[in-house]
Amino acid sequence: MEDKQLETYIVLMEQTLLLDLELNSVDPTNPIRVDVVPRGWKLLGAGNYAGVFMHSDYPEIAVKVYAPGREGWESECEVYRRIGDHPAYSRCYHAGEHNGHYYLILKRLQGKTLYQCIIDGVAIPKKAIEDIDQALDYARARGLHPHDVHGKNVMVKDGRGIVLDISDFLKEEPCQMWDDLKKAYNRFYMPFLSKRPKPVPEWVLNGVRKGYRWMRNSSVTGRSS
């Protein structure tokens with residue numbers, strides 16, 4: 001992204017998006033609430049810390065805006081500084097604060113999450129899994145700790161793997177989500193769904209997800225007792 005284009009974008013964002021945007025943090029364990037999105041902007045998604053937006057004139061750029069009172073902006077800035085420029089990750093063009101909003105301007109990642117691939121019956125190539133493995137090793141080599149890497153936070157684009165959310169990569173506690181997902185991919189997806197993918201109802205995946213959380217929580221409780 002050229003400097004002049006970035007300067008123009010920052011002015012547009014600060015004078016439109018951040019002027020009238022309304023984000024609310026209701027419950028730290030649940031996604032934030034986006035009450036007002038200014039004209040010309042589109043909400044791409046909302047997580048527990050921030051909302052991600054796109055302007056119709058700049059479809060290749062995304063803005064991540066943290067909700068008031070939610071921590072994590074400084075940590076995410078540091079994660080992107082260490083990641084630098086890598087094909088499996090987004091890139092941070094600029095980070096700042098305006099009108100009480102802390103934000104990051106990012107290269108927009110486009111593709112389909114592994115979770116949505118299963119729902120839609122779209123093939124998940126092994127190369128995509130290998131790409132994500134290599135990208136996580138790259139992050140570790142830069143002193144980061146891949147965390148919260150699951151089916152909704154990784155994507156497939158043109159057969160290649162992309163890591164969507166790296167905001168928690170400074171957390172040092174172990175996280176088995178990606179290793180567990182790979183085990184499920186090798187044991188169940190490859191032999192039963194890879195050759196002829198079929199749509200899987202979302203309620204089935206939600207049941208699997210809840211069962212997985214119960215098993216992980218039970219495992220942690222068992223180790224601590």
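The values are calculated or read from the model by the stated rules, or taken from the named source; none is laboratory data. As the structure is a prediction and not an experimental result, all values here were calculated from the model. Glycine also receives a Cβ, built like all others from the backbone with ideal geometry; neighbour counts cover every protein chain displayed.
For this structure, a couple of remarks:
- Any hit, the range 72-84, residues being closer than 22 Å to Gly161 by Cα, more than 16 Å from the chain's Cα centre (by Cα) and surrounded by fewer than 12 Cβ atoms within 10 Å (Cβ to Cβ): yes
- Looking only at residues in the range 156-177 that are modelled with pLDDT of 95 or more and in contact with a helix residue (DSSP H, G or I) (Cβ under 7 Å, 6 or more places away or on another chain), the one that is farthest from Ala88 (Cα to Cα) is Leu170.
- Among the residues of the range 13-28, none qualifies, meaning not one is under 28 Å from Glu172 (Cβ atoms) and among the β-branched types (Val, Ile, Thr).
- Qualifying residue in the range 47-62 (condition: in a helix (DSSP H, G or I), touching a residue at least 40 places away in the same chain (Cβ under 8 Å) and in contact with a Phe, Trp or Tyr (Cβ under 9 Å, 6 or more places away or on another chain)): no
- Flag for Tyr115 being more than 27 Å from Pro174 (Cβ to Cβ), crowded, with 16+ Cβ neighbours inside 10 Å and not charged (D, E, K, R): no
- Counting the residues of the range 118-131 that are in contact (Cβ under 8 Å) with a residue 60 or more places away in the chain, part of a helix (DSSP H, G or I) and within 20 Å of the chain's Cα centre (by Cα) gives 3.
- Breaking point among (1) in a strand (DSSP E or B); (2) closer than 15 Å to Leu106 by Cβ, for Val34: (2)
- When the range 56-78 is filtered for residues that are closer than 22 Å to Leu170 by Cβ and β-branched (Val, Ile, Thr), the ones remaining, listed by number, are Val63, Val65.
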